[in-house]
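Novice: Handing you this structure, nothing more for now.
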């Protein structure tokens, strides 16, 4: 059995899971992409330097941490409470499961809107909170996707060159 091929298969699966994880809140997308890149280093196809690995570790962890902060910040910046944040998260999961790909955008917005309205009974506050949640979600998702695609680029580059 060729262990390099088995490791490569696992690394490819991690790359796919990482890209999915950019949109699904329970999967740490960039971190999965990083782990796939890191284990590729243990095959004949890649030979990354320690500084390269550390830079991408910091990027992956940083993107993941920032992604947890940005939606909360966006919701609060627009006057929302933690109810709006929780509603956005639940809406994202429901939207992703039942209405992909549009549910990924619509779910957090509607989730924050409904939760904030049920909590405050103020429709303007609920709308502002939902908008902030959507903007925060889009910013966090965009950041994670950029980091994951950068990692994927170097992953593919190592295999091709």
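Novice: Tell me the residue from 96, 48, 52 that is surrounded by fewer than 21 Cβ atoms within 10 Å (Cβ to Cβ) and farther than 20 Å from residue 145 by Cα, please.
Specialist: 48
Novice: Could you tell me which of the residues 157, 121 is free of Cβ contacts under 8 Å to residues at least 12 places away in the same chain and closer than 30 Å to residue 13 by Cβ?
Specialist: The conditions single out 157.
Novice: Out of all the residues in the stretch 138-146, is one or more closer than 27 Å to residue 36 by Cβ, at pLDDT 90 or above and over 19 Å from the mean Cα position of the chain (by Cα)?
Specialist: no
Novice: Just name the residue that is farthest from residue 157 (Cα to Cα) out of those in the stretch 26-41 that are assigned to a loop (DSSP other than H, G, I, E, B) and in contact with a helix residue (DSSP H, G or I) (Cβ under 6 Å, 6 or more places away or on another chain).
Specialist: Ranking the candidates gives 27 first.
Novice: OK, next. Working carefully through the options 115, 88, find the one that is buried (at least 23 other Cβ atoms within 10 Å of the Cβ) and more than 23 Å from residue 65 (Cβ to Cβ).
Specialist: After applying the criteria, what remains is 115.
Novice: Let me ask another. Name the one entry in 54, 19, 8 that is free of Cβ contacts under 8 Å to residues at least 12 places away in the same chain and part of a helix (DSSP H, G or I).
Specialist: So the residue among 54, 19, 8 that is free of Cβ contacts under 8 Å to residues at least 12 places away in the same chain and part of a helix (DSSP H, G or I) is 54.
Novice: Of the residues 75, 68, 89, which single one is within 28 Å of residue 121 (Cα to Cα) and under 12 Å from the mean Cα position of the chain (by Cα)?
Specialist: After applying the criteria, what remains is 68.
Novice: Please find, among 27, 105, the residue that is under 20 Å from residue 133 (Cβ atoms), under 12 Å from the mean Cα position of the chain (by Cα) and free of Cβ contacts under 8 Å to residues at least 40 places away in the same chain.
Specialist: Just one listed residue meets the conditions, 27.
The values are calculated or read from the model by the stated rules, or taken from the named source; none is laboratory data. Everything numeric in this text was worked out from a predicted model, so none of it was measured. Methodologically, a virtual Cβ is constructed for each residue, glycine included, from the backbone with ideal geometry; neighbour enumeration extends over all protein chains shown.
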